[in-house]
Amino acid sequence: MKMLNKPAYNKVEETGKAYDVSRRRFFQLAGGVAGAGILLSACHKRSGPTDVYIGSGDIALLNYLYILEQVEAAFYTQAVTTNYYGITKSELELLTDVRDQEIAHREFLRTLLGANAIPAINTAFKGVTFAERTSFLTNATQLEDLVISGINGAAPLFSDTDYVVSLGKMVTVEARHSAYFRDLNSYNSFADSTIIGSTGLDQNNTPSSVLGIAESNYIVTRFDASKLPN
């Protein structure tokens with residue numbers, strides 16, 4: 001795998017603060033496999049002269065995943081700042097862990113890309129009321145499911161298959177997040193039938209379709225993804 005530097009997982013920076021991303025026991029949560037269950041459709045817009053070019057080939061795929069992880073890191077940073085009403089101490093601790101893990105994913109991909117990484121993106125979370133429990137948990141589950149389907153859809157498109165090993169490690173963490181939020185929202189529904197069919201496999205979606213949904217629902221920045229493999 002082509003890496004400029006080995007990314008640091010223990011601590012990452014966000015809004016001037018250092019977070020320990022391995023300090024608690026998130027991975028003791030109930031496991032499960034979760035897939036993409038967002039019933040949305042979106043078409044990726046044609047590129048304009050001011051759109052951020054994400055590159056081509058493996059670089060485009062890595063930047064595409066970097067975009068998704070930037071969205072998640074921003075989403076959970078907001079969630080920790082604006083807790084939903086009635087959140088318990090343990091729920092806040094685990095939500096903080098989820099934020100830290102998404103920041104670690106973002107920084108891992110940024111380091112992997114090096115000089116090829118796109119600039120930081122601007123996000124806007126339409127229709128999410130972070131202070132309301134059901135709104136947050138529903139939207140968190142949908143975002144996790146979207147990212148899971150996006151990673152699954154991107155993995156077989158890489159020319160350098162070494163990347164797939166890291167993506168496999170990343171997507172299983174995202175599945176744990178999805179299972180946790182789904183179970184908080186509706187007990188014992190960590191892997192319900194809406195996302196896992198008779199095959200027992202998570203869904204996968206093409207990079208262009210996932211990026212289109214992300215742009216429509218979470219992102220202000222627009223991208224030139226004309227060379228993004230599908």
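Quick look at the numbers
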{"item": "One residue from Leu113, Leu65, Leu143 being among the aliphatic types (A, V, I, L, M), over 13 Å from the mean Cα position of the chain (by Cα) and modelled with pLDDT of 95 or more", "result": "Leu113"}
{"item": "Filter result (among the aliphatic types (A, V, I, L, M) and either without any contact (Cβ under 8 Å) to a residue 24 or more places away in the chain or over 11 Å from Ile103 (Cβ atoms) (or both)) within segment 71-85", "result": "Val71, Ala79, Val80"}
{"item": "Residue, surrounded by the fewest Cβ atoms within 10 Å (Cβ to Cβ), within segment 80-102, restricted to residues that are of a type in the set (Val, Ile, Thr) and in contact with a helix residue (DSSP H, G or I) (Cβ under 8 Å, 6 or more places away or on another chain)", "result": "Ile87"}
{"item": "Hey, Leu157 in contact with a Pro (Cβ under 6 Å, 6 or more places away or on another chain) and either without any contact (Cβ under 8 Å) to a residue 24 or more places away in the chain or buried (at least 22 other Cβ atoms within 10 Å of the Cβ) (or both) or not", "result": "no"}
{"item": "Members of segment 51-79 that are part of a helix (DSSP H, G or I) and open to solvent by 40 Å² or more (accessible area, probe 1.4 Å)", "result": "Ile59, Gln78"}
{"item": "Test: residue in segment 125-132 that is in contact with a Phe, Trp or Tyr (Cβ under 7 Å, 6 or more places away or on another chain) and of a type in the set (Phe, Trp, Tyr)", "result": "yes"}
{"item": "Filtered residues of segment 161-209 (kept if part of a loop (DSSP other than H, G, I, E, B) and either of a type in the set (A, V, I, L, M) or at pLDDT 95 or above (or both))", "result": "Ala191, Ile195, Ile196, Leu201, Thr206"}
{"item": "Filtered residues of segment 200-230 (kept if β-branched (Val, Ile, Thr) and either closer than 16 Å to Asn152 by Cα or over 15 Å from the mean Cα position of the chain (by Cα) (or both))", "result": "Thr206, Val210, Ile213, Val220, Thr221"}
{"item": "Residue match in segment 103-115 (condition: surrounded by 14 or more Cβ atoms within 10 Å (Cβ to Cβ), touching a residue at least 12 places away in the same chain (Cβ under 8 Å), of a type in the set (Gly, Ala, Ser) and assigned to a loop (DSSP other than H, G, I, E, B))", "result": "no"}
{"item": "Tally, over segment 116-150, of residues that are open to solvent by 30 Å² or more (accessible area, probe 1.4 Å) and in a helix (DSSP H, G or I)", "result": "5"}
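The values are calculated or read from the model by the stated rules, or taken from the named source; none is laboratory data. All values reported here derive from a predicted model rather than from experimental measurement. Here the Cβ is made from the backbone with ideal geometry for all residues, glycine too, and neighbour counts use every protein chain on show. Please note that ligands, DNA and RNA were not included when accessible areas were found on the heavy atoms of the full protein model with its side chains. Shrake-Rupley method; radii C 1.70, N 1.55, O 1.52, S 1.80 Å.
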